[in-house]
1. For segment 38-111, what does the equivalent ellipsoid look like in terms of its semi-axes, each the square root of 5 times an eigenvalue of the Cα gyration tensor, given largest first in whole Å?
2. Which angle between 0 and 90 degrees, to the nearest 10, do you get for helix 217-246 versus the longest principal axis of the chain when only C-alpha atoms count?
3. Please report the Cα spread of segment 46-183 along all three principal axes, rounded to whole Å, starting with the longest.
4. Between residue 108 and residue 204, what FRET efficiency follows from the Cβ-Cβ distance if R0 is 51 Å, with the result rounded to 0.05?
5. Pull out the extension gain between residue 5 and residue 69, defined as 0.36 nm times the separation in residues minus the alpha carbon to alpha carbon distance; nm, one decimal.
6. Taking Cα pairs under 8 Å and at least six residues apart, what relative contact order does segment 74-159 come out at, in percent?
7. Return one number: the angle in degrees, 0 to 90 and rounded to the nearest 10, between the long axis of the Cα atoms of helix 93-107 and the longest principal axis of the Cα atoms of the chain.
8. Mean separation of Cα pairs under 8 Å and 6+ residues apart, divided by the residue count of segment 4-246: what relative contact order is that in percent?
């Protein structure tokens, strides 16, 4: 049985490197932070990133079902409850995401609800790398062992804060389209939900879930594998999106 303090130290070393990983330092973020996207580019981004946001609660649900440790299960359930708006259908994170980009599209002169999922699926393409990210999550979370799943969830939550920070900062390039700052920030609730308590809580929940399921050297190695594999999936996703938006 590994000492839990040693496990915690190893996991902290692991997550300390997330800021410099290709999941957060990549061509897409460089573009999104420094260049305004045109409406068609925004639709491509919203469709593909939105597919991930929409699928994540389903992946979490499967993770909870396949996790046998009661403490880890409870931590993952907290994350799922948050993703689903803490029980408020109007604050489900995917809905908040689409609301922001629908508002942006409207202020850009596009028709109402131009960024709704069904419309985007008719007009655009969901990339293979988007499907690989989602399918890869299902594989890491449900078809491997509990330690790999715990490591993957750790990667998801520790990169998520940086991910949402960068997408929010890039989205602030469009703030002058809104009538005033108050209305912009009302639209931006998706970002504020994550950059406030949600992602901080999710990181603690993911770390506690992993700590409770790593009991041996093999468990730790498996968690590290799941962690790095998940970050690779994100890197491939963002690089494909960047390539498409440059073309």
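1. Details: eigenvalues 199, 34, 8 Å².
Semi-axis lengths for segment 38-111 are 32, 13, 6 Å.
2. Its long axis makes an angle of about 10 degrees.
3. If we take the Cα atoms of segment 46-183, the spans are 50, 32, 26 Å.
4. Values: r = 38 Å, r/R0 = 0.74.
Efficiency computed from Cβ-Cβ geometry: 0.85.
5. On the way: separation 64, 0.36 × 64 = 23.04 nm, distance 1.88 nm.
Full extension of this stretch gives 21.2 nm more.
6. On the way: 39 pairs, mean separation 9.4, N = 86.
Once divided by the residue count of segment 74-159, the mean separation gives 11 percent.
7. Value to nearest ten degrees: 20.
8. Numbers: 290 pairs, mean separation 85.3, N = 243.
The value is 35 percent.
Computed from the coordinates by the stated procedures, all read-outs in this text should not be read as laboratory data. In this text, all values refer to a predicted model and were calculated from it rather than measured experimentally. Cβ atoms come from the backbone with ideal geometry, glycine included; neighbour counts cover every protein chain shown.
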